[in-house]
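Structure record follows, encoded as structure tokens.
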Amino acid sequence: MNDQNNKELKEKVVQALKLVYDPEIPVDVYELGLIYEINIFPINNVFILMTLTSPACPAAEMIPGDVEAKVKAIPEVNDVTVEITFDPPYTQDMMSEVAKLELGLL
């Protein structure tokens, strides 16, 4: 597996993540800044380190499962591991400009 394949697969993972929304916010989890890390390991195993907008997020069960399902749907992906962390805690500063514009914060 070369770096180009990893880069292409990572881009597909990002596109899949942009299909996952926090049900309370009309912005996808990638633009919200909830994805801290995307790693591609040998044989196309994908590891995603992410957070939620709050530990009490009502969608806490749903969003990681949705992330896993969307990434697993990529034909080249072998397996997906989604890990949730609250370190560092999420802040609005982590949002992309796209997300901030969407939410009227800019």
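Just so you know, all these numbers are worked out from the coordinates, no wet-lab data involved. A quick note: this is a predicted structure, and the numbers were derived from the prediction, not measured. So basically every Cβ, Gly included, is an ideal-geometry build from the backbone, and we count neighbours across all protein chains shown.
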Filter pass, I48 being within 16 Å of M95 (Cβ to Cβ), touching a residue at least 12 places away in the same chain (Cβ under 8 Å), in contact with a Pro (Cβ under 9 Å, 6 or more places away or on another chain) and surrounded by 13 or more Cβ atoms within 10 Å (Cβ to Cβ):
no
For residues in region 29-45 being more than 16 Å from C57 (Cβ to Cβ) and touching a Leu at 6+ places or on another chain (Cβ under 6 Å), which is surrounded by the most Cβ atoms within 10 Å (Cβ to Cβ)?
Y30
Of the conditions (1) in a loop (DSSP other than H, G, I, E, B); (2) out of contact with any strand residue (DSSP E or B) (no Cβ under 9 Å at 6 or more places or on another chain); (3) surrounded by 15 or more Cβ atoms within 10 Å (Cβ to Cβ), A16 satisfies every one except a single condition; which number is it?
(1)
Residue list for region 10-67, restricted to those being touching a Ser or Thr at 6+ places or on another chain (Cβ under 7 Å) and among the acidic types (D, E):
D22, E31
Report every pair of residues separated by at least 6 positions or lying on different chains whose Cβ atoms are under 6 Å apart, first residue within region 72-87 and in contact (Cβ under 8 Å) with a residue 24 or more places away in the chain, second among the aliphatic types (A, V, I, L, M) and loosely packed, with under 12 Cβ neighbours inside 10 Å.
N78/I43
Can you tell me which residues in region 19-51 are assigned to a strand (DSSP E or B), of a type in the set (A, V, I, L, M, F, W, C) and within 11 Å of the chain's Cα centre (by Cα)?
I35, I38, F47, I48, L49, M50
Just to check your reading of the model, which residue among A69, A56 is without any contact (Cβ under 8 Å) to a residue 12 or more places away in the chain and within 28 Å of L105 (Cβ to Cβ)?
A56
Looking only at residues in region 54-76 that are hydrophobic (A, V, I, L, M, F, W, C) and over 15 Å from the mean Cα position of the chain (by Cα), which one is farthest from P42 (Cα to Cα)?
A56
